[in-house]
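**Q** I'd like to ask some things about the structure below.
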Amino acid sequence: MLKAAELRAMTVEELRNKEEEIKREILSMRFQKALGRLESPARYRNLRKDLARVKTIIREKELGRA
């Protein structure tokens with residue numbers, strides 16, 4: 001799980017790259033889930049939370065709050 005402090009230290013460009021990376025991993029895990037081969041449901045849940053955290057911090061930086 002990513003820490004908010006680590007994410008806030010990143011630039012917006014780095015955060016957008018991280019967002020794309022997480023999205024690709026979630027997509028892969030979504031297919032595994034559909035096939036019944038998902039090994040770690042907790043990892044899937046944590047990735048979704050990490051994606052939300054990254055999006056929130058990107059938005060904060062866009063608004064000048066961070």
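**Q** If I filter the range 1-17 down to residues being part of a helix (DSSP H, G or I) and of a type in the set (A, V, I, L, M), which single residue comes out as farthest from residue 47 (Cα to Cα)?
**A** Here the answer is 12.
**Q** Now, a different point. When you go through 20, 62 one by one, which is the residue that is modelled with pLDDT of 95 or more, surrounded by fewer than 12 Cβ atoms within 10 Å (Cβ to Cβ) and either small (Gly, Ala, Ser) or part of a helix (DSSP H, G or I) (or both)?
**A** Only one candidate qualifies: 20.
**Q** On to the next question. Can you tell me which residue is farthest from residue 1 (Cα to Cα) among those in the range 36-59 that are part of a loop (DSSP other than H, G, I, E, B) and of a type outside the set (A, V, I, L, M)? Write out each step before concluding.
**A** Taking the range 36-59 as the starting set, the residues that turn out to be part of a loop (DSSP other than H, G, I, E, B) are 36-40.
Imposing the further condition that a residue be of a type outside the set (A, V, I, L, M) reduces the set to 36-37, 39-40.
Working: 36: 24, 37: 22, 39: 17, 40: 14 Å.
Result: 36.
**Q** Could you identify the single residue in 38, 2, 27 that is farther than 29 Å from residue 65 by Cα, hydrophobic (A, V, I, L, M, F, W, C) and modelled with pLDDT under 95?
**A** 38
**Q** Any chance you could count how many residues in the range 32-55 are farther than 18 Å from residue 21 by Cα and surrounded by 12 or more Cβ atoms within 10 Å (Cβ to Cβ)?
**A** Final tally of qualifying residues: 2.
**Q** Could you please let me know if residue 33 is part of a helix (DSSP H, G or I) and touching a residue at least 24 places away in the same chain (Cβ under 8 Å)?
**A** No; evaluated as a whole, the condition is false for this residue.
The values are calculated or read from the model by the stated rules, or taken from the named source; none is laboratory data. For clarity, every value in this text was computed on a predicted model and none was experimentally measured. Positions of Cβ are generated from backbone atoms using ideal geometry, with glycine treated the same way; all protein chains shown enter the neighbour counts.
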